[in-house]
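The values are calculated or read from the model by the stated rules, or taken from the named source; none is laboratory data. Everything quoted here is computed from the prediction, not taken from an experiment. Every residue, glycine among them, receives a Cβ derived from its backbone with ideal geometry; neighbour counts consider all protein chains shown. Accessible surface areas use protein heavy atoms only, side chains included; no ligands, DNA or RNA. Shrake-Rupley method; radii C 1.70, N 1.55, O 1.52, S 1.80 Å.
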Amino acid sequence: MNSVWHENASMPSFPKLEGDIKTEVLIIGGGISGILCAYFLQQEGVKYVLVESGKICSGATKNTTAKITAQHGLVYDKLIKGVGLKKAGLYLKANLLALEKYKSLCKDIDCDFEQKDSYVYSLDNRDKIKGEVEALKNLGISAKFIDKVNLPFKIEGAV
C-alpha cells in the first residue's frame with residue numbers, strides 16, 4: 001500500500017554500486033533520516049556515501065504520514081517521570097529545533113509543507129491526557145486539554 005505523499009512524489013534512482021569505495025562516513029539507509037544526514041554532512045564538506053538496498057524513501061519513510069512533530073504520543077509526562085524535567089526539556093528543545101530546521105529547509109523545496117495544529121488523544125483515558133498537558137506546561141509549552149476534536153469517533157481528551 002502506498003502512502004498519499006509517495007503516490008505524488010517522484011524518487012530518483014541510482015546505479016548499483018560496483019567495486020570498493022572509500023569514504024569518511026557511510027550512511028546506511030536512504031530514508032528521510034539518511035538523506036538528512038547526507039545533506040548536513042555535505043553542508044560541512046564531509047565526504048560521505050549513502051547506500052540504500054532498494055529505492056530512496058521506499059522503506060519506513062514511504063509508510064509514514066509525512067507528519068513532522070515534536071509531540072510523539074504521550075511522551076513528555078513519561079520522560080519527566082523517568083529522566084527528570086531537565087532531560088525532558090532537552091528532548092523537547094531538540095524536537096522544536098528540528099521542526100524549525102525542517103521549516104527552513106522546506107522554504108526552498110517544492111514539497112507542499114504546511115504548518116498545522118497537532119493533537120494527541122486518548123479514546124479511554126482522560127487522566128493520561130491531563131498528565132501530558134501538565135508535563136508540557138512544566139516544560140514551558142502552552143498546551144491545552146480539549147475534549148472534542150474533528151474526528152469521526154468519541155475521545156476522552158486530547159492535548
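Structure notes:
- Within segment 80-106, considering residues that are open to solvent by less than 40 Å² (accessible area, probe 1.4 Å) and over 18 Å from Ser142 (Cα atoms), the one modelled with the highest pLDDT: Gly84
- Remark: pairs (first residue in segment 138-156, more than 29 Å from Lys93 (Cβ to Cβ); second residue open to solvent by 60 Å² or more (accessible area, probe 1.4 Å); Cβ separation under 6 Å; 6+ apart in sequence or on different chains) = Glu156/Asp124; Glu156/Arg126.
Every residue, every condition in (1) aromatic (Phe, Trp, Tyr); (2) in contact with a strand residue (DSSP E or B) (Cβ under 9 Å, 6 or more places away or on another chain); (3) not in a loop (DSSP other than H, G, I, E, B), yes or no:
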position	(1), (2), (3)
Ser13	no, no, no
Glu18	no, no, no
Ile35	no, yes, yes
Val46	no, yes, no
Gly59	no, no, no
Thr65	no, no, no
Gly89	no, no, yes
Lys101	no, no, yes
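- Tabulated pairs, segment 110-128, first small (Gly, Ala, Ser), second open to solvent by 100 Å² or more (accessible area, probe 1.4 Å), C-beta under 7 angstrom, 6+ apart or interchain: Ser122/Lys128
- One residue stands out among those in segment 103-140 that are part of a helix (DSSP H, G or I) and among the acidic types (Asp, Glu): the one that is nearest to Lys154 (Cα to Cα), which is Asp127.
- Boolean, Ala143 is of a type in the set (A, V, I, L, M), at pLDDT 95 or above and open to solvent by less than 70 Å² (accessible area, probe 1.4 Å): no
- Leading residue by the ranking (most open to solvent (accessible area, probe 1.4 Å)) among those in segment 23-61 that are charged (D, E, K, R) and within 14 Å of Ser13 (Cα to Cα): Lys55
- Leading residue by the ranking (least open to solvent (accessible area, probe 1.4 Å)) among those in segment 149-158 that are touching a strand residue (DSSP E or B) at 6+ places or on another chain (Cβ under 8 Å) and part of a loop (DSSP other than H, G, I, E, B): Ile155
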